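The values are calculated or read from the model by the stated rules, or taken from the named source; none is laboratory data. Please read all numbers here as calculations on a predicted model, not as lab measurements. Every residue, glycine among them, receives a Cβ derived from its backbone with ideal geometry; neighbour counts consider all protein chains shown. Only protein heavy atoms, including side chains, enter the accessible area calculation; ligands, DNA and RNA are left aside. Shrake-Rupley method; radii C 1.70, N 1.55, O 1.52, S 1.80 Å.
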Amino acid sequence: MALEDRLELFVSRQARPLVALFAVAGILCLVAAGYVFFTPTTQTVSEETNVQTIESSVETSAVVTGNSSLYDRGETLENRSTYFTSIAPVLSLHVDTEVPSDHPVSVTHRLTMETVGVRDGKPFYRSTETLLEERRRVSDGEVDAVRSVNVSAIREELQTKRAETDGLGRFLVSLELNVTYQTDSYEGTITTSAPFVITGQAYYLDGAVADETTHSTTVQREVRTPADPVEYGGLAILGLALFGLCGFVIRTEDNTDPETLRTRISHSRHDEWISEGEFPTEAEKQYISIRTLEDLVDVAIDTNRRVIYDSDLDVYAVIDGSEIYHYSTDDLHTHAWLNL
């Protein structure tokens, strides 16, 4: 109760400043809520526009020309993991590039075969053969080109090179695709490669010869974000709550007796010095009125007495021989006790 009494006493004492503070704060919250509601925020966002993708790849095919129990003569094999020179010695390399189809695009294909002789991880021989080089301008979104190679002839050349080097090194073959393009907005180059393995009667591309690139233009624009209901609603509720506090402070001031609160606070603070009891009313006693309960407690301390509290009369007193020191927040209670 002491804490509540202290709070109530503080509110009653500082009623006007508190009402002014809460009222101003409430008005500011309502104004802020209105500002947030009627002033949506804007932010700058980045967007990718004019997106264009260029994709290039090399597909493979071979026609069966030899006798085989695996395939029928004349059958076309496409994108197989392995081909055989005794069955299909000629390999067709299909270069395909997909470009934007809504405007003309210039594309240059360059397909090369590189042979490198390597010993102990270091090259001692290198040769490059251009299999395909073609420049075209298209507007339908696709550029195709085809080049065929005789793998049997390539294998014989490799065998000759191995014989000339007495088998001291290895000869590695690879295919490399270089695509240069120019659109209405962008230009660039795609380069991709993969090993071309020829071993015994088998040959294959050890990986995909394919790649792509995407271009875009970054633009920034302002975006208006609607007000957050939680934000302006919270401010409005807080403002109304502050006005409610103004009313609470005013009611507290009107209904509070500061003297009674101070007495209750003093009672709680000096509770170990106060005992409840009933007071004598003999005529020979001298009754001395004390201004505050704290002063009465001081009298009890000085005289080594206890404060007696009569809860029915709501009167405090210290009895010291023929003298009775008393205090009450209501004179009517004292008069009733003294029969005045």
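Projecting the Cα atoms of L111, T189, Q201 onto the charge dipole of the range 76-210, computed from C-beta unit charges around the Cα centre, puts Q201 farthest toward the positive end.
Here the accessible area is traced with a 1.4 Å probe on the protein chains. For the range 90-167, carbon and sulfur cover 40 percent of it. Label zone of L172 (point 7 Å out along Cα→Cβ, amide N under 19 Å): in the range 109-123 this covers 112-123. Per residue, the solvent-accessible area of the range 134-248 (1.4 Å probe, heavy atoms of protein chains only, all protein chains present) comes to 60 Å². For R162, what charge total do you get from the other residues with a beta carbon under 13 Å from its beta carbon, if Lys and Arg give +1 and Asp and Glu give -1? Once positives and negatives cancel, what remains is 0. Here the accessible area is traced with a 1.4 Å probe on the protein chains. For the range 189-231, carbon and sulfur cover 48 percent of it.
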